[in-house]
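Everything on this sheet refers to the single structure shown next.
The values are calculated or read from the model by the stated rules, or taken from the named source; none is laboratory data. Please read these numbers as outputs of a predicted model, since none were measured by experiment. No Cβ is skipped: glycine too gets one built from the backbone with ideal geometry, and neighbour counts run over all protein chains shown.
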Amino acid sequence: MNGMKYAVTSQEMKIYDRNTSEHFGVATEVLMERASLSVADVVDEWKSKREAKRTYKVLVMAGVGNNGGDGVCVGRLLKQRGYQVSLCVVGDPTKCSDLLLKQLSIAEKYGIHKDTFSNIRCNKSEADFDIIVDGLFGIGLSRPVTGDYLDAVNYINSCKRQRDSDMFVVSIDIASGISADDGHVCGAAVRADATVTFNQAKIGHIMYPGCEYTGKLIVEDVGITDESFLGKEPGVIYYDGEGRALLPDRNPAGNKGTYGKVLIIAGSKDISGACVLCAGACLKAGAGMVRVFTAVENAEAVRTLLPEAILDTYEDFEPVGDKLKEAMKWSTQAVIGPGIGTEGKGAELLADVLNFYDKSLVMDADALNLIAEDAELYRLASNFGRDGKELLITPHMGEFARLFKSDIRDCKEHITQYPVELAKRLHCTVICKDARSIVADTGSKKIYINMSGNDGMATAGSGDVLAGILGAVLSYKMDGFETAIAGAYIHGRAGDVAAERIGRYSMVASDIAAALPEVLR
């Protein structure tokens with residue numbers, strides 16, 4: 001899909017860095033200079049937005065590795081641009097990398113003398129600096145931050161609290177203390193205003209809680225290009241463009257049948273909102289026709305709130321097989337699950353669909369709980385996508401844990417691995433819904449991390465809206481992986497628009513659906 005970007009692990013990035021130097025012959029010193037220039041430019045950009053004419057004071061906090069070398073290089077460049085620079089090297093001086101030692105030698109010749117952290121802390125006020133350059137740790141950190149490093153991280157954060165928006169904290173490559181591989185905090189971490197990373201975002205930049213410490217993520221080209229993959233592409237992608245761009249252009253000669261006849265099997269005698277939200281979102285996401293198959297108790301709600309929808313109803317006591325088969329025959333794709341219940345008709349409806357439906361299907365909510373509880377339904381679901389049909393499932397973390405036969409904590413800790421395994425088990429595409437939703441597909445070698453959305457979307461019915469969007473997007477005949485990416489991203493962007501309109505506290509699911517026309521305009 002056009003516009004996708006890579007997010008890499010620390011190990012992948014080290015390989016690409018090494019390939020650039022050893023295979024292509026680009027000197028590591030050249031890469032370091034280019035990286036440092038990009039960080040200095042970001043500092044200049046922040047300063048240019050301030051109107052003060054005074055000399056700005058910079059503290060460079062450098063570790064003893066190559067990230068520290070980047071920091072020293074940034075300090076030298078900023079001094080040459082007129083900043084007053086203080087340099088502090090934290091850590092065991094006997095463990096300084098060769099590149100750091102080289103940068104320290106260069107800095108010394110330009111009149112920048114390194115200081116100790118204890119001297120900085122004792123003789124400088126926490127409000128003394130305008131800018132702090134965080135070069136303590138690079139992307140390879142995996143152990144807890146302790147000792148002088150912990151004190152240094154806390155000192156940077158304390159300085160920032162003193163000055164607030166009058167201070168700019170910029171991290172080199174990644175906020176020190178954040179794991180580049182999954183975004184977890186290694187005991188403590190710098191809270192940066194901006195992080196400048198090089199050529200590829202790291203997974204830790206975009207996963208929680210790492211993204212909260214990253215600040216504004218700036219990905220700069222320093223010369224470690226896609227050629228450095230040497231044919232081994234990263235396994236994680238993300239997207240941060242326009243939602244509309246993820247969909248093919250509509251056929252100007254099309255008709256309502258062209259754009260999908262979506263069957264929405266949702267709601268029950270006690271739940272009416274789910275079918276209305278799902279079907280309404282499906283219509284607003286571009287479906288040509290929507291047919292709601294629901295309990296008779298929901299008829300008035302559907303007729304009143306969705307006059308555009310076709311309506312089929314059933315009584316709780318009647319067999320639904322023949323009526324449902326007729327609706328399935330009419331449709332080009334279907335959604336099942338929102339509000340159907342895990343007792344009564346829910347299991348009967350799901351069994352008929354899994355046994356007899358011959359087109360692509362989205363399974364959500366109660367449909368997922370049913371297959372998690374019933375071995376036969378699980379078997380039917382695992383066979384559904386084997387013959388070319390697309391099966392998309394949309395579990396939140398609780399539903400995912402039940403399907404995966406594990407607990408929520410374990411699933412959260414392995415959120416970039418377990419969806420791949422579940423996709424293989426069920427021969428389907430999985431959208432594991434969380435603060436950062438993960439898309440995995442049985443036929444794809446990549447996973448997708450969804451960047452759109454916000455905490456205001458943690459509201460009842462939000463998942464019903466997503467299911468409806470996916471039902472509509474299936475009409476574009478993309479594969480399951482592409483459909484899931486587009487649906488998840490568009491859903492999140494609609495949530496972002498809704499948050500801008502009414503705020504996160506008051507947002508409800510219908511606000512997300514109402515924002516779809518703006519996202520897809």
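What to note about this one:
- Flag if Ala175 is among the hydrophobic types (A, V, I, L, M, F, W, C), without any contact (Cβ under 8 Å) to a residue 40 or more places away in the chain and in a loop (DSSP other than H, G, I, E, B): no
- In region 273-289, the residues that are outside any helix (DSSP H, G or I) and touching a residue at least 40 places away in the same chain (Cβ under 8 Å): Ala285, Gly286, Ala287, Gly288
- Check on Val74, assigned to a helix (DSSP H, G or I), surrounded by 24 or more Cβ atoms within 10 Å (Cβ to Cβ) and in the same structural domain as Asp128 (by TED's automatic domain parsing): yes
- Within region 77-91, considering residues that are over 24 Å from Lys53 (Cβ atoms) and in contact with a Gly (Cβ under 8 Å, 6 or more places away or on another chain), the one surrounded by the most Cβ atoms within 10 Å (Cβ to Cβ): Leu87
- Meets criteria (without any contact (Cβ under 8 Å) to a residue 40 or more places away in the chain and either within 20 Å of the chain's Cα centre (by Cα) or surrounded by fewer than 24 Cβ atoms within 10 Å (Cβ to Cβ) (or both)) for Ala499: no
- Of note, Leu324 does not satisfy the criterion of being within 20 Å of Leu403 (Cα to Cα) and either in a helix (DSSP H, G or I) or small (Gly, Ala, Ser) (or both).
- Conditions (1) closer than 30 Å to Lys446 by Cβ; (2) exposed (fewer than 14 other Cβ atoms within 10 Å of the Cβ); number of the one not met by Arg54: (1)
- Restricting attention to region 358-384, the residues being of a type in the set (A, V, I, L, M) and surrounded by fewer than 22 Cβ atoms within 10 Å (Cβ to Cβ) number 4.
- Highlighted here are the helices (runs of 4 or more DSSP H) found entirely within region 405-516 that include at least 3 residues which are within 17 Å of Leu391 (Cα to Cα) and modelled with pLDDT of 95 or more: 418-426, 462-473, 480-502.
- Residue list for region 1-16, restricted to those being buried (at least 21 other Cβ atoms within 10 Å of the Cβ) and assigned to a helix (DSSP H, G or I): Glu12, Met13, Tyr16
- Restricting region 114-143 to residues that are within 38 Å of the chain's Cα centre (by Cα) and part of a strand (DSSP E or B), the residue that is surrounded by the fewest Cβ atoms within 10 Å (Cβ to Cβ) is Ile131.
- Filter result (more than 17 Å from the chain's Cα centre (by Cα) and closer than 16 Å to Tyr238 by Cβ) within region 420-460: Ser444, Lys445
- The residues of region 223-261 that are under 24 Å from the mean Cα position of the chain (by Cα) and surrounded by 18 or more Cβ atoms within 10 Å (Cβ to Cβ), listed by number, are Ile224, Pro234, Val236, Ile237, Tyr238, Tyr239, Gly243, Leu246, Leu247.
- Qualifying residue in region 430-445 (condition: touching a Pro at 6+ places or on another chain (Cβ under 6 Å) and under 23 Å from Ile264 (Cα atoms)): yes
- Test: residue in region 21-34 that is surrounded by fewer than 21 Cβ atoms within 10 Å (Cβ to Cβ), aromatic (Phe, Trp, Tyr), assigned by TED's automatic domain parsing to the domain that holds Lys109 and under 28 Å from Tyr110 (Cα atoms): no
A quick yes/no check of all residues on (1) small (Gly, Ala, Ser); (2) touching a strand residue (DSSP E or B) at 6+ places or on another chain (Cβ under 6 Å):
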residue	(1), (2)
Asp226	no, no
Phe229	no, no
Gly254	yes, no
Tyr259	no, no
Cys275	no, yes
Glu308	no, no
Asp316	no, no
Ala327	yes, yes
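- Residue match in region 194-208 (condition: surrounded by fewer than 24 Cβ atoms within 10 Å (Cβ to Cβ), out of contact with any Phe, Trp or Tyr (no Cβ under 8 Å at 6 or more places or on another chain), of a type outside the set (Asp, Glu) and in contact (Cβ under 8 Å) with a residue 12 or more places away in the chain): yes
- Thr459 being in contact (Cβ under 8 Å) with a residue 24 or more places away in the chain, in the same structural domain as Asn251 (by TED's automatic domain parsing), in contact with a helix residue (DSSP H, G or I) (Cβ under 7 Å, 6 or more places away or on another chain) and more than 18 Å from Pro338 (Cβ to Cβ): no
- Region 106-124 residues that are in the same structural domain as Gly147 (by TED's automatic domain parsing) and in contact (Cβ under 8 Å) with a residue 40 or more places away in the chain, paired with ones that are hydroxyl-bearing (Ser, Thr, Tyr) and not in a loop (DSSP other than H, G, I, E, B) (beta carbon under 7 Å, 6 or more apart): Ile120/Ser86
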